[in-house]
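What follows draws every value from the coordinates through simple rules; no lab data is involved. Since we're looking at a predicted model, the values are computed, not measured. Here the Cβ is made from the backbone with ideal geometry for all residues, glycine too, and neighbour counts use every protein chain on show.
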Amino acid sequence: MASMATHFSGSLFLVPFGLRRLLFASSLYLKDPSNFRSKLWYFSHPSWKNIDLYFLLVALPIASFSEFVIFLSFSGHQTYRFSFFLQSIALLTFWVLILFILAQEYMGSSMVNESFVFIFASICFLVEYSAIGKGIAGLGGVVYGFLGELTLACVAACLYLSIKPTAFFADFLLSSGLIFKGAWLLQVGFSLYTDAFMLKGCKKISLSSPSLENVDVKCDLVEDSLRGITLMHFIFTVHAIVVLVLSLGLFGLLASNRKLRCGETRGPLLAELESPQMLVHSLPGQEIE
């Protein structure tokens, strides 16, 4: 997380993935709320529409290797240097998570338990949490602290879904959390790593002083730093309101217009709704002993 480009690319992945998940989960829930069951990934039909997942399957190990190379070559602040190693591990765990998702989808729950995959997802987010804002203090630490809180919200949602996969509100929280994380990640990049959007009286984060104990945003006055912290609290609140309105608005739009819903006719998304138990219930006069 050392540049604007890194934050932008992360946001470019998280926001679309969160929107996609919210769209598919809401469509499935609105079709039959009493039989909703969350999935870690909602597969589309035909299979080529899942190209985003297969792209991650290739991109994540490359990104993880790149972070590890930076860790080996970076000679600056040791704590900040170690954060590259943690980020490499975090990316690698998410890559393993994708392998579990694909195995669970194509090999069935008999081979890979769905609850285990959700638990492993929460572990991935915890590993990511350990790398967020590592070695950054002051105003920068506050900004990254918000990102860490959003990550913990995703951890809580995954853990709850591992226990109760029928809880739509947890899936809604996870989807909205991914959108929020992506939006805030972009905000962090603009606020901490660009001169054009830097807070008044402060300069963007620089690693030119590796002897410092913690990397921080350089502000001319203490008042500038305090004003920046207050402003970032306000911006975070604005982001929260926008994401909440967007998520609820999308759900309301899907509820009022069936044509906008996804995955309602065929494909793995409805596998749970087409189980033998549901077919038995659909036969008139059939009783379950």
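Details
- The order of the peptides 222-235, 89-102, 4-17 by mean Cβ neighbours within 10 Å, most packed first, is 89-102, 4-17, 222-235.
- Highest to lowest packing among 236-246, 22-32, scored as the average C-beta count within 10 Å: 22-32, 236-246
- When the C-alpha to C-alpha distance is required to be over 26 Å, the pairs from K181/K203; K134/K164; K164/K259 that qualify are K134/K164; K164/K259.
- With the gyration tensor restricted to C-alpha atoms of the range 4-262, the semi-axes of the equivalent ellipsoid amount to 35, 22, 15 Å, longest first.
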